[in-house]
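To keep things clear, I will list the structure first and then write my remarks on it.
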Amino acid sequence: MKKYTAEYFGTFWLVLGGCGSAVIAASFPDVGIGLLGVSLAFGLTVLTMAFAIGHISGCHLNPAVSVGLWAGGRFPAKELPPYIVAQVLGAITAGGVLYLIASGQAGFDVSAGFASNGYGAHSPGGYSLVSALIIEVVMTMMFLLVILGATDKRAPQGLAPIAIGLCLTLIHLISIPVTNTSVNPARSTGVAIFVGDWAVAQLWLFWLAPIVGATIGAAIYKFIGRTED
């Protein structure tokens, strides 16, 4: 239960910090943090939690990461369901807390997006379903490559959280205009259920693409990272 609780609070922090920066601070009058600030916020949530709970649960914070680690031979299948449940519940709790905060502002309208992921008319840059699918698969694939490589026993010890946090920052810098960046089904679910409507209707993509991408990334790392006998 300690591992599952750690995943719950870790994912809570990721969604509250990352999505919260997008909803509350990204375009705040005159001093908004913009896309760069939101990207850094997501990276910092993973960086801080990796140091805080990495030694407890591995700090997955993401169903796609858990599936990718399983596919890469680093995580037991029996742990997948409880990890994913804990992650999704943490994300939904964070979405609820963020909703309570954001709704305290005059003129707040959850239908405007609430940091939800989307494609087509709901993509920040108007990108198509195909574009959204490709970028979510590729970004998650690269995320898993970095995670598996940085946590390899042969990699420099103690520096994995920095590499992983910076990787997530870079992923957001690239892909926010396309999908608002998911690469994490729990993160997508945590805010989409408060928007409902189109956000829930498009949520399937932000479960499918990250999990596919994570599985591909794990397969690639198993090939390039294996030691020769």
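Consider residue 110 carefully, then state whether it is among the β-branched types (Val, Ile, Thr) and out of contact with any Phe, Trp or Tyr (no Cβ under 8 Å at 6 or more places or on another chain). For residue 110, the condition - among the β-branched types (Val, Ile, Thr) and out of contact with any Phe, Trp or Tyr (no Cβ under 8 Å at 6 or more places or on another chain) - is not met.
Within the stretch 130-143, at least one residue is farther than 30 Å from residue 56 by Cα and either of a type in the set (Phe, Trp, Tyr) or open to solvent by less than 30 Å² (accessible area, probe 1.4 Å) (or both). In a residue-by-residue description of the stretch 178-189, the property of being of a type in the set (A, V, I, L, M, F, W, C), open to solvent by 60 Å² or more (accessible area, probe 1.4 Å) and in a helix (DSSP H, G or I) applies to no position. Residues that are surrounded by fewer than 23 Cβ atoms within 10 Å (Cβ to Cβ) and assigned to a helix (DSSP H, G or I) were ranked within the stretch 24-40; the one that is nearest to the chain's Cα centre (by Cα) is 40.
Of the residues in the stretch 157-170, at least one is more than 24 Å from residue 121 (Cβ to Cβ), open to solvent by 70 Å² or more (accessible area, probe 1.4 Å) and among the polar types (S, T, N, Q).
Need the failing condition index for residue 170 against (1) assigned to a loop (DSSP other than H, G, I, E, B); (2) under 16 Å from the mean Cα position of the chain (by Cα), just the number. Just one mismatch for residue 170, condition (1).
Annotation note: of 90, 104, 126, 72, the sole residue that is at pLDDT below 95, surrounded by 17 or more Cβ atoms within 10 Å (Cβ to Cβ) and over 16 Å from residue 169 (Cβ atoms) is 72. Note on the stretch 56-162: enclosed helices (runs of 4 or more DSSP H) holding 2 or more residues that are over 17 Å from the mean Cα position of the chain (by Cα), in contact (Cβ under 8 Å) with a residue 24 or more places away in the chain and closer than 20 Å to residue 8 by Cβ are 80-102.
The values are calculated or read from the model by the stated rules, or taken from the named source; none is laboratory data. Not measured: the values here are computed from a predicted model. Cβ sites come from the backbone with ideal geometry, for glycine too, and all protein chains shown count toward neighbours. The protein model used for the area step is the full one, side chains on, heavy atoms only, and it has no ligands, DNA or RNA in it. Shrake-Rupley method; radii C 1.70, N 1.55, O 1.52, S 1.80 Å.
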